[in-house]
1. Among the lysines, which have Cα under 20 Å from the Cα of residue 372 when same-chain residues fewer than 8 positions away are ignored?
2. Could you tell me whether segment 13-77 comes out rounded, prolate or oblate from its Cα gyration tensor? Rule is a ≥ b ≥ c as square roots of the eigenvalues, rounded for a/c under 1.5, then prolate if a/b exceeds b/c, otherwise oblate.
3. Tally Lys/Arg at +1 and Asp/Glu at -1 over every other residue whose Cβ is under 10 Å from the Cβ of residue 294; what's the total?
4. Around residue 221, with a cut-off of 11 angstrom between Cβ atoms, what is the net charge of the other residues, counting Lys and Arg +1 and Asp and Glu -1?
5. Once the other residues with Cβ under 15 Å from the Cβ of residue 159 are scored (Lys, Arg +1; Asp, Glu -1), what is the net sum?
6. Here are some pairs, 88/214; 88/315; 66/214; 89/315; 89/214; which of them have Cα atoms lying more than 30 Å apart in this structure?
7. Explain nothing, just the number: dipole magnitude of segment 287-399 about its Cα centre with +1 on each Lys and Arg Cβ and -1 on each Asp and Glu Cβ, in debye rounded to the nearest 20.
8. Counting only protein heavy atoms and a 1.4 Å probe, tell me what percentage of the chain's accessible area is made up of carbon and sulfur.
Amino acid sequence: MTRLENQSWLTSPATVAVFDALEAAGGSDCARFVGGSVRNALVGRPVDDFDIATRLKPEASMAALKTAGIKVVPTGLAHGTVTAVSGKKPYEITTLRRDVETDGRRAVVAFTDDWAEDAARRDFRLNALYADRTGAIFDPTGQGVADALAGRVVFVGDPTTRIEEDYLRILRFFRFFAWYGRSEPDAEGLAACAAHADGLARLSAERVSKELLKLLAAPDPRPAVHAMRNAGVLNRLFPAVGDLAAFDRICEAGDDPVLRLSALLPDDPPAVAVIARGLRLPRAMETRLAAAAEGPLDPETDERELRALIYRLGKEAVGDRIRRGGAIRPGAETPSALALIDSWAIPRMPVGGHDLAKLGVEPGPEHGRILKAFEAGWIADDFPADGHQQRLTRLATPS
């Protein structure tokens, strides 16, 4: 039997407390780690979240944890999930389940005490791995360990069945390939994703964007994104994507998933804003993407103009525009401009409403007009360090 070795999280007091509590209620084989922690430990990746599968019903899990003095939160009782907080770490504990009914977006589940039934409803064989508190690994599909070690992402059972249970598994297939895959994507799984790509339209925008950004955060998402394009999946998300040369160059230059996403979007800020809103992305991310889509900076842009642009848009937005522009048009990226972004400290507006009050200007719309005029002149003069009061006085004095 394969066993996890030298995993401090397995023997930490927080883990011991959780397993002691569950086993006091359900016996020595009532709980096992499952999924990401087992997979990552097996392949030498960091383990940063802890999912536990248990034969105990959720109410019994909660009662056992409370009896042991462990904080527990009913995070998803309808699907059998509670979260224990032990040693300031969350442990998500879910009762073994089998699917009763699915509609491509969500499932109705029934609880079971059969580990194989629980494994059969999971997405990929490398995620259907369990480990007890001693590190002994259980592999119900018989191929999860081998897949994880070989870098294969293969659906549990029939790929079409798994996808029709939840169409998000199409994006998860490519996301896990981006993070764990080696060589080529599994051919049967890839064909099933291509055949069911229309099902992505049935998913909520939030689920799609979250999965996509996780994919783009992989160390090298290029093979996965190319596979998505070739399978006709990428154009279900972004119909206007052309070739991926700019995306490839962006990936070579850095690991920012938002900048990588920008390389898949058109050179059209209003259109990009519509796409971002359609994906329910945060407003700050929408602003970044729209700014990046403005296109490359003019190579003749001098430092004075660049400082004005940085002041108005912010360092991140201007840097995005320069880097994306250089990826789209090789040679358009200017190292000196990026150096200025890094070195220049954006100044604060040197005057405000209190200065106008000292000049006897009553609060109101006139304040805003004068300050806006001051700022425009200050920027145009390249942010001078002095002469502020004289300029403000001239603007505030009726002609």
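The values are calculated or read from the model by the stated rules, or taken from the named source; none is laboratory data. Model, not experiment: these values are computed from the prediction. Neighbour counts are summed over all protein chains in view; Cβ atoms, including those assigned to glycine, are modelled from backbone coordinates with ideal geometry. Heavy atoms of the whole protein, side chains included, go into the accessibility calculation; ligands, DNA and RNA do not. Shrake-Rupley method; radii C 1.70, N 1.55, O 1.52, S 1.80 Å.
1. The qualifying lysines are 358.
2. Working: a/c = 1.91, a/b = 1.81, b/c = 1.06.
Judged from the Cα gyration tensor, segment 13-77 comes out prolate (a/c at least 1.5, a/b above b/c).
3. Once positives and negatives cancel, what remains is -1.
4. Values: positive: 175, 214, 222, 260; negative: 220, 248, 255.
Local net charge: +1.
5. Details: positive: 121, 122, 125, 152, 162, 169, 172; negative: 123, 147, 158, 164, 165, 166, 186, 188.
Summing Lys and Arg as +1 and Asp and Glu as -1 gives -1.
6. Details: 88/214 25 Å; 88/315 36 Å; 66/214 34 Å; 89/315 36 Å; 89/214 22 Å.
The pairs that break the limit, which is 30 Å between Cα atoms, are 88/315; 66/214; 89/315.
7. Numbers: 15 positive and 17 negative charges, 56 e Å.
With Lys and Arg at +1 and Asp and Glu at -1, about 280 debye.
8. Working: 9730 of 19090 Å².
Here it works out to 51 percent.
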